[in-house]
Amino acid sequence: MTRTPYWNIEFGILIDAIALPLMALFIYGLYRHWKRIRRGKPRPPAAEKVPGKIGPVYLWALLVRGILGSKLYAKPVTGVAHGLLFWGMVLLFFGTVLVFMNVLLGVAVFSGGLNRWFMSAALDLAGLCALAGLAFLSGRRLLSMPKRLVEPKPKKGFLPISALLGAVLLTGFVVEGFRIAANGPDPASFAGTWVAAAIGGPGQVLTLHKWFWWIHGIMAVGFIAYIPFSPLVHVVLAPVNAALADPMPGVKMGVIDFSSFEDETVEEKPVLGVANLEDFTRKRLLDFDTCLWCGRCHEVCPAAQTGKPLSPKGVMIELSEYLSQEKMTDGDLINAVGVDAIFSCTTCAACMEACPVCINQPKAIMKFRQNLVMEQSVIPELMGKAHSSLEQRQHPFFGTGSGPKEWRKGLDVPVFVPGQTEYLLWIGCTATYEERAQKIARAMVRLLQAAEVNFGILEEARCTGDPAKQMGNEFLFTEIAQQNIEEFNGMKVKKIITLCPHCYNSFTRHYPKLGGNWEIIPHVSFISQLIDQGRLKLTSNPHEAFSFHDPCYLGRRNRIFEEPRKVISSMAILTEMDRHGKESFCCGGGGGGYWSEETGERINQVRSEEALNTGADKIVTACPFCLLMLTDGVKKFTEEDKVLDVAELAAARLMTQ
């Protein structure tokens, strides 16, 4: 069956004329967003070339996260509903383009197989899919809105645009039904045939067809024009944001170039951190504009879920509202977000992992923290003590009773010799000064010696500076890092084994930008390698069960998931917690949280209870901060020593040679 464009419609070309100013309105709406975003700072150019990147665009991220919306499907039902709506509308839009091509260019789209299978059957199916997705999403907002959409407050404007879209879809089927009722059966247009059957006899079919055709057409072009002025603008902004977002996991704080502070010819020094919207880069402003307030970040945030002042969604709401009101230089922004909220972030990056549109919430929070610490000298009391200790003693563990060499008492630990030693075993500050964490270092030394690894340690205890960075003092971090880089390069260090994922993250993410480039291996990965090579032989007990807690800086930030599980599984049964891998729940120690006075529930106790509920005999982790936090957390529930580092577990299972 063939079809005639603008059948039964006089002056149908007027709909094209009406569409032109409305398309101009659509473009103007997008321009308003672009104009606000342009007031941010240009994004610093990437120093290195990345495969699959053209200019600022990450092609794989654009396709998988931006267009296919892969992260939406972490919630399967919601993801499918979004998929039905989005792809249904994409097909309908493509069909509309083909109609315009037919009218303007004479392209034959209303005859043959293209008309039967695409313009009729496929577009009917697309319309039904879009309606189904829209019905679910709108019904959920009207009847049973999830808490994550409500807390701390919901985004307004979805229902009007959804109602308009629903009207466009329904009137489209009605118009098709009237056409089929007047012209006879069109089996390929199965949905339109159902509507035609419901209409019944001819009656006023032609007149009603005309009325509904115009209503449908005007609403359709009006809907498109309305998009940039509604929450549905994320259909445009989300793919752009995903395409510009570095797909490397983690917060990606980078480093600050302090050279301008030493240049006496520079009159106006740059602001440290961020005090108002204009201090952010354009990419961050795009983040704020793209945010849907969907609350996926809120429901995974350890601070938000344990009664702390912070909600990453709340921060994004505040920032997006300031942006929409063009309060670009308002100096009250930090107070609006909340100082307590800013210092409640554990930098676990769970919010980033959950975000379906690739927003970097922690980076915005950390930029505020940098400004508070470096510009305003504002820092919570306990964090301030740790910060002062790091400045004065080169470690943050104020009040410790341990000396820098106490951890190695009774051990014959070799010192790194330039040109002779293969691996530098980086002990770090936590395993040096915290008594419980010292056992990790002692266990790792035993394992390396048992495997006959050529390793050595630094004579003097050192810190990577990571605690300073996470607390907001980028200047102190850079100073410590540059000292370490100078010493390592002078010692001709090539390979470093780390005991702490925070150290690993700093060595791999931040030190290279300051001139420090070495092969960095987390201790758990090195243990796994030694087992695979047959250099470590461990006993196994199939009747014991261990649960592994994924450290945020090892797992979610650096995607090291399998090695610790391989090591544990070689010794016992691995029992997973409900939240594990990329969805692991934080211990509460990151972002300076180890030195914080918590309000609400204690994060480490929430995580400890989750681990104990698995029924595992022991809780195993691979981070000294996690070890300390969980060791403290389980005390609420049991007096047993339940928490071990993977190195301690392996050392205890060493076979006698």
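The values are calculated or read from the model by the stated rules, or taken from the named source; none is laboratory data. Nothing here was measured: the structure is a model prediction, and the numbers come from that model. Backbone-built Cβ (ideal geometry, glycine too); neighbour counts: all protein chains shown. Each accessible area value is taken on the protein alone, full model and side chains, heavy atoms only, with ligands, DNA and RNA left out. Shrake-Rupley method; radii C 1.70, N 1.55, O 1.52, S 1.80 Å.
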**Asked** Counting alpha carbon pairs within less than 8 Å and at least 6 residues apart, what relative contact order, in whole percent, applies to segment 393-523?
**Response** 28
**Prompt:** When the label point is put 7 Å from the Cα of PHE261 along its Cα-to-beta-carbon vector, which residues of segment 453-477 have a backbone N closer than 20 Å?
**Reply:** 463-477
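Between ALA17 and ALA198, what FRET efficiency follows from the Cβ-Cβ distance if R0 is 45 Å, with the result rounded to 0.05?
Values: r = 33 Å, r/R0 = 0.73.
Between ALA17 and ALA198 the formula returns 0.85.
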**Prompt:** How high is the relative contact order of segment 571-647, in percent, with contacts defined as C-alpha pairs under 8 Å that are six or more residues apart?
**Reply:** 31
**Request:** Taking H placed 1.01 Å from N in the peptide plane, check which residues at least 5 places from GLU544 or on another chain put their amide H under 5 Å from its amide H.
**Result:** ILE573
**Asked** When we measure straight from the Cα of LYS409, which aspartates and glutamates land under 16 angstrom away, once same-chain ones fewer than 8 places off are left out?
**Response** GLU434, GLU435, GLU459, GLU460
**Request:** Using θ = phi - 60° and the Karplus relation 6.51 cos²θ - 1.76 cosθ + 1.60, list the HN-Hα couplings for segment 288-301 in order, rounded to whole Hz, with x at every Gly or Pro.
**Result:** 5, 6, 7, 3, 9, 6, 6, x, 5, 5, 4, 7, 10, 6
**Message:** Students often forget the sequence filter, so: which aspartates and glutamates lie under 12 Å Cα-Cα from LYS469 once same-chain residues fewer than 8 apart are removed?
**Reply:** GLU479
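Among residues other than LYS35 whose Cβ falls under 13 Å from its Cβ, what is the net charge (Lys/Arg +1, Asp/Glu -1)? Numbers along the way, then the final one.
Numbers: positive: ARG32, ARG36, ARG38, ARG39, ARG282; negative: ASP289, GLU326.
With Lys, Arg at +1 and Asp, Glu at -1, the net is +3.
Return the subset of LYS156/LYS327; LYS49/LYS566; LYS363/LYS566; LYS308/LYS385 for which the Cα-Cα distance in this structure is over 29 Å, preserving the input order. Walk me through the numbers on the way to the answer.
On the way: LYS156/LYS327 20 Å; LYS49/LYS566 33 Å; LYS363/LYS566 33 Å; LYS308/LYS385 21 Å.
Beyond 29 Å: LYS49/LYS566; LYS363/LYS566.
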**Request:** Any chance you could look up the accessible area of GLU151 with a 1.4 Å probe, heavy atoms only, rounded to 10 Å²?
**Result:** 70
**Item:** Accessible-area ranking of CYS500, CYS129, largest first, probe 1.4 Å
**Value:** CYS129, CYS500
**Asked** Which aspartates and glutamates, on any chain, are close to LYS269 with Cα under 12 Å apart, when same-chain ones fewer than 8 places away are left out?
**Response** ASP257, GLU375
**Prompt:** Cα centroids of segment 179-222 and segment 297-350: how far apart, whole angstrom?
**Reply:** 50
**Message:** Could you compute how much accessible surface GLU519 exposes when probed at 1.4 Å, giving the result in Å² to the nearest 10?
**Reply:** 90
**Message:** Could you give each residue of segment 107-113 its phi-based ³J(HN,Hα) in whole Hz, using Karplus coefficients 6.51, -1.76, 1.60 with θ = phi - 60°, and x for Gly or Pro?
**Reply:** 5, 7, 10, 9, 8, x, x
**Estimated translational D of the chain in µm²/s (Stokes, Kirkwood radius over Cα pairs; 37 °C; 0.692 mPa s)** = 117
**Prompt:** Where does helix 381-393 land angle-wise versus the long Cα axis of the chain, in degrees 0 to 90, nearest 10?
**Reply:** 50
**Request:** With all protein chains present, calculate the accessible area of HIS510 using a 1.4 Å probe and round the result to the nearest 10 Å².
**Result:** 10
**Message:** For the full complex of protein chains and a 1.4 angstrom probe, list TRP194, TRP87 by accessible area with the highest value first.
**Reply:** TRP194, TRP87
**Asked** Under a point spin-label approximation (7 Å from Cα along Cα-to-Cβ), what is the LEU654-SER144 distance to one decimal in nm?
**Response** 5.7
**Request:** Could you list the GluC sites (Glu not before Pro) in segment 286-330 that lie in coil according to DSSP, counting only those with at most 15 other Cβ atoms within 10 Å of their Cβ?
**Result:** GLU326
**Asked** Cross-link list LYS283/LYS492; LYS41/LYS513; LYS75/LYS283; LYS155/LYS283; LYS513/LYS582: which exceed 28 angstrom alpha carbon to alpha carbon?
**Response** LYS283/LYS492
**Prompt:** Helix 158-183 versus the longest principal axis of the chain: what angle, 0 to 90°, nearest 10, using Cα atoms?
**Reply:** 40
**Message:** Nearest 10 degrees is fine. How inclined is helix 603-612 to the longest principal axis of the chain, computing both from alpha carbons?
**Reply:** 90
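Compute the relative contact order of the chain as a whole-number percentage, counting only Cα pairs closer than 8 Å that sit 6 or more residues apart in sequence. Intermediate results must be reported in sequence, preceding the final value.
Working: 1051 pairs, mean separation 81.2, N = 657.
Computed over the chain, the figure is 12 percent.
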**Asked** At what distance in angstrom do the alpha carbon centres of segment 109-171 and segment 580-624 lie from each other?
**Response** 41
**Fill in**
Taking a ≥ b ≥ c as the square roots of the eigenvalues of the Cα gyration tensor, with a/c under 1.5 meaning rounded and otherwise prolate when a/b exceeds b/c and oblate if not, segment 498-579 is oblate
